[in-house]
């Protein structure tokens with residue numbers, strides 16, 4: 001009786017041991033692929049974010065103000081309308097790019113942030129989430145409403161009276177758009193600095209290993 005009981009316990013333990021070895025074998029096969037993915041994503045993530053930050057800052061600091069200045073200097077009756085149309089199209093590219101890059105970085109953070117501290121990882125995720133939210137709000141809410149107001153006007157925005165409710169709303173939305181883009185850029189800079197700092201710290205460890 002005792003022999004049968006011991007034999008049954010041993011037979012029950014074999015599947016569990018075999019299952020554990022199978023899982024270890026699978027992890028051994030997956031681990032090289034994860035290392036390759038990590039090696040690709042670590043330089044790619046800050047590169048994408050840096051490109052977007054450069055485009056957004058250059059757009060806000062150089063393209064938009066100079067475009068308005070040149071067209072206004074030409075004494076065109078609808079200078080603001082023309083400049084606004086061009087800026088809106090360029091801003092749409094910036095906003096969509098920021099939203100898509102923000103989502104991509106949020107998703108891929110799971111694969112490259114496993115060895116970061118909780119506080120650092122939390123700060124990076126929050127910054128990227130703010131970037132994606134702000135650019136999404138700017139594109140699908142603020143800019144969309146500004147386009148709808150323009151479409152409802154019977155004349156260019158320059159010729160609408162300053163006390164007109166639609167002109168007042170349009171000007172307010174323009175200020176909101178500038179503020180939202182500023183928040184997105186600050187959040188992107190914070191995330192970029194975190195990525196750059198983590199990458200700089202991990203490189204000596206990888207070299208030493």
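Before moving on, here are some points about what is shown:
- A Förster radius of 22 Å, combined with the Cβ-Cβ distance separating residue 168 from residue 73, puts the computed FRET efficiency at roughly 0.25.
- Normalising the average separation of contacting C-alpha pairs (under 8 angstrom, six or more residues apart) by the number of residues puts the relative contact order of the stretch 45-208 at 30 percent.
- Inter-label distance, nm, simple model (7 Å from Cα along the C-beta direction), residue 123/residue 155: 5.3
- With neighbours defined as other Cβ atoms within 10 Å of a residue's Cβ, the residues 90, 131, 67 order from fewest to most as 90, 67, 131.
- Stretching residue 178 away from residue 31 to a fully extended chain increases their span by 48.4 nm, per 0.36 nm per residue minus the current alpha-carbon distance.
- Maximal additional length on extending the residue 85-residue 140 stretch stands at 18.2 nm, based on 0.36 nm per residue less the C-alpha distance.
- Packing, as the average of other Cβ atoms within 10 Å across residues, places the peptides 45-52, 94-101 in the order 94-101, 45-52, highest first.
- Kirkwood Rh, angstrom, the stretch 45-208 [1 / mean 1/r, Cα pairs]: 17.5
Taken together, the values in this text are just the output of simple stated rules run on the coordinates, not laboratory data. Here the structure is a predicted model, which is why all the values come from computation and not from measurement. Every residue, glycine among them, receives a Cβ derived from its backbone with ideal geometry; neighbour counts consider all protein chains shown.
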